[in-house]
1. Anything in the range 5-22 that is more than 9 Å from the chain's Cα centre (by Cα) and within 10 Å of residue 38 (Cβ to Cβ)? List them, or say none.
2. Step by step: first the residues of the range 32-44, then only those that are within 17 Å of residue 82 (Cβ to Cβ) and surrounded by fewer than 16 Cβ atoms within 10 Å (Cβ to Cβ), then the one that is modelled with the highest pLDDT. Which residue is that?
3. So which of 73, 87 is modelled with pLDDT of 90 or more, closer than 17 Å to residue 7 by Cβ, out of contact with any helix residue (DSSP H, G or I) (no Cβ under 9 Å at 6 or more places or on another chain) and part of a helix (DSSP H, G or I)?
4. Which residues, taken from the range 45-70, are modelled with pLDDT of 75 or more and in contact with a helix residue (DSSP H, G or I) (Cβ under 8 Å, 6 or more places away or on another chain)?
5. Pull up the range 1-31, narrow it to residues that are in contact (Cβ under 8 Å) with a residue 60 or more places away in the chain and in a helix (DSSP H, G or I), then point me to the one that is surrounded by the most Cβ atoms within 10 Å (Cβ to Cβ).
6. Against the conditions (1) modelled with pLDDT under 90; (2) assigned to a helix (DSSP H, G or I); (3) exposed (fewer than 12 other Cβ atoms within 10 Å of the Cβ), where does residue 92 fall short? Just the number, please.
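The values are calculated or read from the model by the stated rules, or taken from the named source; none is laboratory data. A quick note: this is a predicted structure, and the numbers were derived from the prediction, not measured. Positions of Cβ are backbone-derived with ideal geometry, glycine not excepted, and every protein chain shown enters the neighbour counts.
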């Protein structure tokens, strides 16, 4: 059974929270961990997502360039966060090896 540092757990939960369209399974696959492990961390953190339809009125669609910019900024944030989590994990596991 693997032990993950608390910071890695918190980062994994934050990544899941920051990607509303992503599933636990997809985030866990991206991080290389078991989906049930991530699910337990999410439950322990008290993260909940609304289910079903949204009750708010949909906002009018932004101009095409604004929408593309927003999507690209969101993707950059996600990739930066994923990269940082993977860096921390690599650093942790590199320190764990005993050659």
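1. 9
2. Checking each candidate, the answer is 35.
3. After ruling out the rest, the residue left standing is 87.
4. Once the filter is applied, which keeps residues that are modelled with pLDDT of 75 or more and in contact with a helix residue (DSSP H, G or I) (Cβ under 8 Å, 6 or more places away or on another chain), the range 45-70 yields 45, 47.
5. Once the filter is applied, the top-ranked residue is 12.
6. All conditions are met except number (3).
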